[in-house]
Amino acid sequence: MTTAPLVLLPGMLCDAGLWDDVRGELGMSTVDVELSAPSIEGMARQVLGAVEGPFALAGLSLGAIVGFEVLRLAPERVTGFCAMSTNAGAPRPHQLDQWAALARLTAGGGFADAVEAILPTMFATPEPPAEHARRFLAMAWRVGPAAFRAQLAAQATRTDAHEALRAVRVPSLVLSGGADALCPESFHTAIASAIPGARLRTLPGAGHLLPIERPGEVAVLLADWLRTVPRRKESHA
């Protein structure tokens, strides 16, 4: 017997480095998937093509939104689901305007300015600890302007996932930061209410990038959730 692999999906302008501290705390190998397709469905298909067989899935922000689509496309593949710092709603008009403006800025050579504009929303305070800011900026530059523009395009293809989440039948955990400037606790309450049996946990005083701000607490919650995820049988053909 073995557990299904754990797939970790990062948020916009983030990469596998988002999970470094959490991965170290968990002490287990994980599968990281780059999200670079220009649509949410395309990103979900990237995930499904990156791992064989069933898997548990944890995603933050954009990564969780892609997770919603993975659950819609291939629910039989997902053994457990964790959504954190995210929104299951369709884009609001002001978001579409903001993403379009960021795409134009980036296309015009202003990627650095776009990243600096986003940084204050990533953590519990607009001026985060220097190490937190350094890690976010390093990830953003590894992602780069081309992939960022694809991520912005993908965000615009989002649809409301709440109704589809009512069909989820796997152990699910919803995590939020009490000081998240982008995705408030109310978003996560709605997600947890939609998924049958989902557990909702809020980390008081934490911002958007929970795995960087609160890696120990996130790792404990993920480990507890993973213990509820069904194990799959090895094939002995």
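Observations
- Mean projection of the Cα convex hull over all viewing directions, computed for the chain: 12.0 nm².
- Mean-position separation - Cα centroids, segment 76-100 and segment 21-67, in angstrom: 14 Å
- Highest to lowest packing among 170-176, 20-26, scored as the average C-beta count within 10 Å: 170-176, 20-26
- Summary value for segment 29-170: 33 percent relative contact order, contacts being C-alpha pairs under 8 angstrom separated by 6+ residues.
- When the helices of the chain are scored as -39500 (n - 2.57) per DSSP H run of n ≥ 4 and the total is divided over every residue, the value at 222 nm lands at -14000 deg cm²/dmol.
- Relative contact order (%) - criterion: Cα under 8 Å, at least six apart; region: the chain: 27 percent
- Charge dipole of the chain about the Cα centre (unit charges at C-beta), most positive-ward option of Pro75, Leu13, Ala161: Pro75
- Nearest-20 debye value, segment 139-237 charge dipole, Cβ charges on Lys, Arg, Asp, Glu: 400 debye
We did not get these values from a lab; they are worked out from the coordinates using the rules stated. The structure presented is a predicted model; accordingly, all values stated were derived computationally and were not measured. All Cβ positions, glycine included, derive from the backbone under ideal geometry; neighbour counts span all protein chains shown.
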